[in-house]
Amino acid sequence: MRPVLAEGPSQFVLMERAVEDEYRPRMLQELQQRVEEFAKTTRSQSPACSQCGRVMVCQDVRPVSWLARCGRLRVGVPRYRCPVCKSECRPLLEQMGVEPGRISGSLARDLAVLAAVVPYTLAARLADLLLGVKISSMGIWKVSQRLGQAVADHSEALSRYHADSRSEGAGTDAAPATVLLSVDGCALGMQVRCRRRRRTGTEPLPPLPPVDEGHFREVKTGVLLLPEERVETSPGRRSVVRRFVVSCLGDADAIFHRLYGQLRELGSNTMVVVVGDGAEWIWNRATWFIRRCEILDFWHAMEHAWEFARLRYGEGSPQADQWVRQIGVDLKAGKVEQVIARLKRLRPQSPQLRESLESLIRYYSANAGRMRYDEYLQLGYGIGSGAVESAHKQVVHARLRQAGMRWSEAGARRLLALRLLLLNGDWALLDRFTMVSTA
């Protein structure tokens, strides 16, 4: 039989919506009254000019409106002008943190969190369903870009501040004893056009230039974990409670500057455990941390062993599985020197096998000092970089690498800043950011 829906919503749903429809105008009226009372207190004092220090003169009072969570507000805003340097200001708008004709207040922050989670078109639908606000996807894009720019500017300024040796970090008393650091990069598709297309008259928009193969930028992501703050989620399985994710659309120096700044915010005199996949750009910059421990990612070490085993024994061979399994057991037991010596005793026949074996020996020999896995496990350090691989999926893949997406550099930076604020549990800090203008 065909499934039958109920004739209408439940009685409680109807009551909820009725109360919301009844009290929303009252909320707007109450908010309007409080804004007007605050405006009266600011009109009694004339501000001083920020340039010359003279008392400014009120020129006129113009009505200004902006959109808030419960509706559109309108209030008369005085405009002051300095009689000497002719500079103007509207202190009421500056003190309230609103802008004429634009979305302001908590509504802007709610729309930004939707844009940080889902694409802009879907965010506009969710704004209608969850907030009861009719807004276009372009309106949500503008709000998220302006707030994202404010967050990105703060992050860059903080990394520049801590790059100076005179900067002050958190005290050593509150600093964690050990911080586990993992860093890696992933590709992000970028737009080909440098400028936004403009329509001339009634002519259609010009076609987009073709996307060249390999038109990508690398997003580098770093994760800071606190091994001391672990909980046992199940017998034999532990999970880290807190983590800090740092990401940027830049080079290796940029991501390490941000990681260093985040470490300074956590405190100084901390042991930094750097887990990497053997890339030189990671180990070259690990020397920035005075107290450090460098660890080669265990699973990357096993991948190199698998490459040789597949060539020697064949794909899916039980001998290959047994041989690699023994390599892993020996490496976890701290027998890296014995493993290298055993590899050197092999005598492969084909040139391809010899080249693969020499590459494996060079890789293990160059990173032997970073493969004392038995000591790292006893100290409670992690030996894998799975945390940063997971962070790539949460920060970049889940939002910025959906089908057909191409990003401008500015748009990617701003959205990354918002996602980091959300994933690090610091979204409440967005209330303390002022929306900036973006060209």
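Quick notes
- Residue 434, sole failed condition from (1) in contact with a helix residue (DSSP H, G or I) (Cβ under 9 Å, 6 or more places away or on another chain); (2) open to solvent by less than 30 Å² (accessible area, probe 1.4 Å); (3) not aliphatic (A, V, I, L, M): (2)
- Residue check, residue 399 of a type outside the set (Phe, Trp, Tyr) and without any contact (Cβ under 8 Å) to a residue 12 or more places away in the chain: no
- Total residues in the range 344-399, condition open to solvent by less than 90 Å² (accessible area, probe 1.4 Å), among the basic types (Lys, Arg) and in contact with a helix residue (DSSP H, G or I) (Cβ under 7 Å, 6 or more places away or on another chain): 1
- Selection over the range 302-342 of residues that are within 23 Å of residue 366 (Cα to Cα), open to solvent by 20 Å² or more (accessible area, probe 1.4 Å) and small (Gly, Ala, Ser) gives a count of 3.
- Any hit, the range 414-435, residues being out of contact with any His (no Cβ under 9 Å at 6 or more places or on another chain), within 29 Å of residue 297 (Cβ to Cβ) and among the hydroxyl-bearing types (Ser, Thr, Tyr): no
- Among (1) farther than 30 Å from residue 93 by Cβ; (2) modelled with pLDDT of 90 or more, the one test that residue 422 misses: (1)
- Hey, residue 281 under 30 Å from residue 262 (Cβ atoms), without any contact (Cβ under 8 Å) to a residue 40 or more places away in the chain and not in a helix (DSSP H, G or I) or not: no
The values are calculated or read from the model by the stated rules, or taken from the named source; none is laboratory data. In this text, all values refer to a predicted model and were calculated from it rather than measured experimentally. A quick note on method: Cβ atoms are made from the backbone with ideal geometry, for glycine too, and the neighbour counts reach across all protein chains shown. Only protein heavy atoms, including side chains, enter the accessible area calculation; ligands, DNA and RNA are left aside. Shrake-Rupley method; radii C 1.70, N 1.55, O 1.52, S 1.80 Å.
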